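Taking it in order: structure first as structure tokens, then the write-up.
The values are calculated or read from the model by the stated rules, or taken from the named source; none is laboratory data. Just so we're clear, the structure is a prediction, and the values are computed from it rather than from any experiment. Please note: Cβ atoms are built from the backbone with ideal geometry, for glycine as well, and neighbour counts cover all protein chains shown. Accessible surface areas use protein heavy atoms only, side chains included; no ligands, DNA or RNA. Shrake-Rupley method; radii C 1.70, N 1.55, O 1.52, S 1.80 Å.
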Amino acid sequence: MKIYNTADAQYQPKVHLLLYGDGGVGKTTFAATAPRPVMADCEGGTKYFGLRGIPMDVARIETWPDMPAFYEAVKQRDYETVIIDPLNELMEKLLVHLKAQPNSKLIQRDGNPTIAGWGWLKQTMRQLLKSFRDLDKHLILITHVAEDRDDERLIKRPAMMTKLAQ
């Protein structure tokens, strides 16, 4: 544990951001400008970074088990910023992982999660995000936007399953 005095010039609180918006507006490119970043790329959003002169370390997250391995690798390195892009794709990978579990009481016969399964998904994702939040690093979470209607208003929220966006 470190104890800081907020009046000390060495005290630099970590920034945690949630970026959400339509595809192609520059969320990933903006996040890449953070200090000493590493990115968990869950959908291939960094594929042209090298061609565009944006150097950074990237972990391609193909399946859910890649994410705990990414966490362990990041924890041991001197990155200043961790980027997870996009959260809604990571949640899909977690859902696929859950559905692949044999004899799970969290999955219905039709292959969809039970109520307990949805709770497990939400809790598992929340625990992962808290683990990254608690590292001594900046954290940028990126997701797409979801649009809902409330009477006559259009409401834009982060796109996340299980109401995690709330």
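Data overview
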| item | result |
| --- | --- |
| Gln127 over 17 Å from the mean Cα position of the chain (by Cα), among the polar types (S, T, N, Q) and open to solvent by 30 Å² or more (accessible area, probe 1.4 Å) | no |
| Residue in the stretch 103-115 that is assigned to a helix (DSSP H, G or I), more than 20 Å from Ile61 (Cα to Cα) and free of Cβ contacts under 8 Å to residues at least 12 places away in the same chain present | yes |
| Pair list, Cβ < 9 Å and 6+ apart or interchain, from the stretch 1-29 residues that are hydrophobic (A, V, I, L, M, F, W, C) to residues that are part of a helix (DSSP H, G or I) and at pLDDT 90 or above | Leu17/Ala31; Leu18/Leu87; Leu19/Lys27; Leu19/Thr28; Leu19/Phe30; Leu19/Ala31 |
| Residue among Thr46, Thr28 that alone is of a type in the set (S, T, N, Q), more than 15 Å from Glu80 (Cα to Cα) and either open to solvent by 70 Å² or more (accessible area, probe 1.4 Å) or in contact with an Asp or Glu (Cβ under 7 Å, 6 or more places away or on another chain) (or both) | Thr28 |
| Tabulated pairs, the stretch 45-58, first outside any loop (DSSP other than H, G, I, E, B), second among the aliphatic types (A, V, I, L, M) and at pLDDT below 85, C-beta under 8 angstrom, 6+ apart or interchain | none |
| Exclusive hit being assigned to a loop (DSSP other than H, G, I, E, B) and touching a residue at least 40 places away in the same chain (Cβ under 8 Å), set Leu139, Leu135, Leu121, Leu128 | Leu135 |
| Failed criterion for Ala146 (all others in (1) closer than 22 Å to Glu62 by Cβ; (2) hydrophobic (A, V, I, L, M, F, W, C); (3) out of contact with any helix residue (DSSP H, G or I) (no Cβ under 6 Å at 6 or more places or on another chain); (4) open to solvent by less than 40 Å² (accessible area, probe 1.4 Å) hold) | (1) |
| Selection from the stretch 66-96 of residues that are within 14 Å of the chain's Cα centre (by Cα) and in a loop (DSSP other than H, G, I, E, B) | Pro86 |
| Glu62 vs. criteria of a type in the set (D, E, K, R), part of a loop (DSSP other than H, G, I, E, B) and open to solvent by 30 Å² or more (accessible area, probe 1.4 Å) | yes |
| Which numbered condition Arg133 misses (of (1) under 14 Å from the mean Cα position of the chain (by Cα); (2) surrounded by 15 or more Cβ atoms within 10 Å (Cβ to Cβ); (3) not small (Gly, Ala, Ser)) | (2) |
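Every residue, every condition in (1) touching a helix residue (DSSP H, G or I) at 6+ places or on another chain (Cβ under 6 Å); (2) closer than 24 Å to Arg157 by Cβ; (3) surrounded by 14 or more Cβ atoms within 10 Å (Cβ to Cβ), yes or no:
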{"site": "Cys42", "(1), (2), (3)": "yes, yes, yes"}
{"site": "Leu51", "(1), (2), (3)": "no, no, no"}
{"site": "Asp78", "(1), (2), (3)": "no, no, no"}
{"site": "Pro102", "(1), (2), (3)": "no, no, no"}
{"site": "Leu106", "(1), (2), (3)": "yes, no, yes"}
{"site": "Pro113", "(1), (2), (3)": "no, yes, yes"}
{"site": "Trp120", "(1), (2), (3)": "no, yes, yes"}
{"site": "Leu141", "(1), (2), (3)": "yes, yes, yes"}
